[in-house]
Amino acid sequence: MKLNSNYSKNNEVNIHYLDSINDSDSTLVPLLICPGLSEVAEEYEDFIKYMLPRRCVVLSFRGRGKSDTPNFGYDLKDHISDVESVVKDAKLDRFNLFAYSRGVSYALGYTRKYPEQIERLIIQDYPSEHKAMPNHWPQDYIDNYIVPFNRSGNIRALAVQGIQRESTQEAIRIKYTKPVLVMHGLQEGSLLSNEGLEQYKGQYSNIRIEGFSESGHDIRSKEKTKLYEIIKAFLD
C-alpha cells in the first residue's frame, strides 16, 4: 500500500492528510476519517489498509502531527474548516465520514453544514456536542497523558492551550436520514453515556448502535478486529 502524503491550504494553515487513492476502487464511496483529540493521520494506516480497496483519507487537525500549529484558531468552526480544506484539496464530493472521540464534534459540525455530501456517518464513543474545557485541563492533560504516554509529537502544547482557551460549549443536533453507526464502549472510561445514546436515537431515524463489552473509550486498543469488521460491514 502506497499512501499519498498531502497538504491542504486552510488560509495560512497547512493541514496534513494521507490518501489511499492509488490503491483504491473508484466505484466505492470514499471514507474520510476525523481522528481523536491527540491522534494523527499516521495512526490510521493499518485501518486504511484493512479498508482497501475503499479509498480512505485521514487528516491531522491543526496543532497535530505534521499539520501547522497556529497561535489562534482552535474552536469548533476552525476544526470544521480543516475538514473543508481537506475535502476540497482531495476532491471529495460524496463520501462516508468516520470520527472518534473529540473528532466526532468536528465531523458532526461538518455534517450539519454539508449533510448532502455525507452518505454514511460513523460515530465512535463521543456525544453529539462540542465541549468547552476547564481552566485546569491543559496542564493536567499534558502532565498526565501527553508526556507519560510519549504523545508530545502528536499534539503541541500550544494547541492544547488553544483548545482550552477558545473552545465553546455547543450541542450539535442534526436531523439526518441516511445510515448512521454509533459505537460505544461498555466499560468504565467510555465517553458516551446512555443519555448520549438516547440523544443520537432522537436525531437519527436510520441508526445502528454497537456496544463493545471489553472496552472503555479506546475501543481500538481492546477490540480492534471487531471494530474494523463492524465498520467495514456497515460500509459494504
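The values are calculated or read from the model by the stated rules, or taken from the named source; none is laboratory data. Quick caveat, the model's predicted, so the values are computed rather than measured. Here the Cβ positions follow ideal geometry from the backbone for every residue, glycine too, while neighbour counts run over all protein chains shown. Quick note on the areas: whole protein, heavy atoms, side chains included, nothing else; ligands and nucleic acids left out. Shrake-Rupley method; radii C 1.70, N 1.55, O 1.52, S 1.80 Å.
The residues of region 119-141 that are touching a residue at least 60 places away in the same chain (Cβ under 8 Å) and more than 15 Å from the chain's Cα centre (by Cα) amount to a single one, E119. For region 175-196, filtered to residues that are assigned to a loop (DSSP other than H, G, I, E, B) and of a type in the set (D, E, K, R), the residue that is farthest from I118 (Cα to Cα) is E188. Is it the case that K232 is over 30 Å from N71 (Cα atoms), assigned to a helix (DSSP H, G or I) and without any contact (Cβ under 8 Å) to a residue 60 or more places away in the chain? Taking the combined requirement at face value, the residue does not satisfy it.
I'd like the full set of residues that are among the aromatic types (F, W, Y), surrounded by 12 or more Cβ atoms within 10 Å (Cβ to Cβ) and under 16 Å from E43 (Cβ atoms), limited to region 137-163. Please lay out each step first, then the result.
Going residue by residue through region 137-163, those that are among the aromatic types (F, W, Y) are 137, 141, 145, 149.
Right, trim to surrounded by 12 or more Cβ atoms within 10 Å (Cβ to Cβ) and you get 137, 141, 145.
The one that is among the aromatic types (F, W, Y), surrounded by 12 or more Cβ atoms within 10 Å (Cβ to Cβ) and under 16 Å from E43 (Cβ atoms): Y145.
Quick check: anything in region 27-39 among the hydrophobic types (A, V, I, L, M, F, W, C), part of a helix (DSSP H, G or I) and under 27 Å from L191 (Cα atoms)? No, every residue in region 27-39 fails to be among the hydrophobic types (A, V, I, L, M, F, W, C), part of a helix (DSSP H, G or I) and under 27 Å from L191 (Cα atoms).
Starting from residues that are among the hydroxyl-bearing types (S, T, Y) and open to solvent by 40 Å² or more (accessible area, probe 1.4 Å), keep the ones in region 203-236 and report whichever is nearest to L28 (Cα to Cα). Spell out how you get there, then give the answer.
Restricting attention to region 203-236, the residues satisfying the condition of being among the hydroxyl-bearing types (S, T, Y) are 204-205, 213, 215, 221, 225, 228.
In the following step, the residues that additionally are open to solvent by 40 Å² or more (accessible area, probe 1.4 Å) were identified as 205, 213, 221, 225.
On the way: S205: 24, S213: 31, S221: 28, T225: 22 Å.
Residue satisfying both the conditions and the ranking: T225.
Under the condition of being touching a Cys at 6+ places or on another chain (Cβ under 6 Å) and among the aliphatic types (A, V, I, L, M), which residue from region 75-119 is farthest from N14 (Cα to Cα)? Per the stated criteria, the residue is A99.
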